[in-house]
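Below: one structure, written as structure tokens.
The values are calculated or read from the model by the stated rules, or taken from the named source; none is laboratory data. Remember, predicted model here, so these are calculated numbers, not experimental data. Neighbour counts run over all protein chains shown; Cβ positions are idealised from the backbone, glycine included.
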Amino acid sequence: MTPTRIRVAALLVVAAAALALAACGSDDSSSSSSSDASTSTAAAGQAGGSKGTVDVADNGALGAEILVDDGGRTLYLFEKDDSADESYCYDACADAWPPLTSTGKVTVGSGLDASQLTTFERDDGTTQLAYAGHPLYLYAGDAAPGDANGNELDQFGAEWYAMDSSGEAVESGGSSDDDSTEDTTSEDSSTDDSTSEDSTGGGYSSY
């Protein structure tokens, strides 16, 4: 074999090796991109993705106006959460009660106080919305807008409630925590009035 042919053969071997290395690098890159995409999709699937809008809507089942997401799904508070910037719902809890998250600007619908809508970063890096000091969640058991099957459930260490526009928990029948307090105060007042009437003989002077 002549020197020229030897040099050509050597160049062909080097070129073939370079092509093989490039192909391997491309496969690794594709595999890495695919893995990153799968991880991102899994994280998005666990959280309750939203356009970042919290609105209010009438709910016939609860007999009250409650907070909903941009799709009309009922939003809930978790009584175990004790601040607007920390969630106690992860893993199995987050599967059953997906946190309301957003990747962009957050807004409120008509009738809500925009200053009450805040966000915070969860341990998994997603951004969760909170309203009136309560991190917001959806319920996996709600199949359609208007469902409120999660209301008053006691799961993962505390109770879950739909919320009214002031951020108060809504109980069955449309009453909120404030309403319950007012009812109790009214009952106490009625009892005091009755006692007062009894002590004065029903308003007549005694002889």
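At a glance:
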| quantity | calculated |
| --- | --- |
| Residue among Y76, Y90 that alone is surrounded by fewer than 18 Cβ atoms within 10 Å (Cβ to Cβ) and under 13 Å from the mean Cα position of the chain (by Cα) | Y90 |
| Considering residues of the stretch 92-119 that are polar (S, T, N, Q) and touching a Leu at 6+ places or on another chain (Cβ under 8 Å) only, the residue nearest to I66 (Cα to Cα) | T107 |
| Pick from the stretch 51-73, criterion in contact with a Leu (Cβ under 9 Å, 6 or more places away or on another chain) and farther than 15 Å from T118 by Cα, ranking: surrounded by the most Cβ atoms within 10 Å (Cβ to Cβ) | I66 |
| Filtered residues of the stretch 42-72 (kept if under 11 Å from L136 (Cβ atoms) and at pLDDT 95 or above) | V54, L67, V68, D69 |
| Output for the stretch 121-165, where each listed residue is touching a Gly at 6+ places or on another chain (Cβ under 7 Å), surrounded by fewer than 16 Cβ atoms within 10 Å (Cβ to Cβ) and within 15 Å of A94 (Cα to Cα) | G141 |
| Per-region count, the stretch 120-137, residues farther than 13 Å from D69 by Cβ, of a type in the set (A, V, I, L, M) and out of contact with any helix residue (DSSP H, G or I) (no Cβ under 7 Å at 6 or more places or on another chain) | 1 |
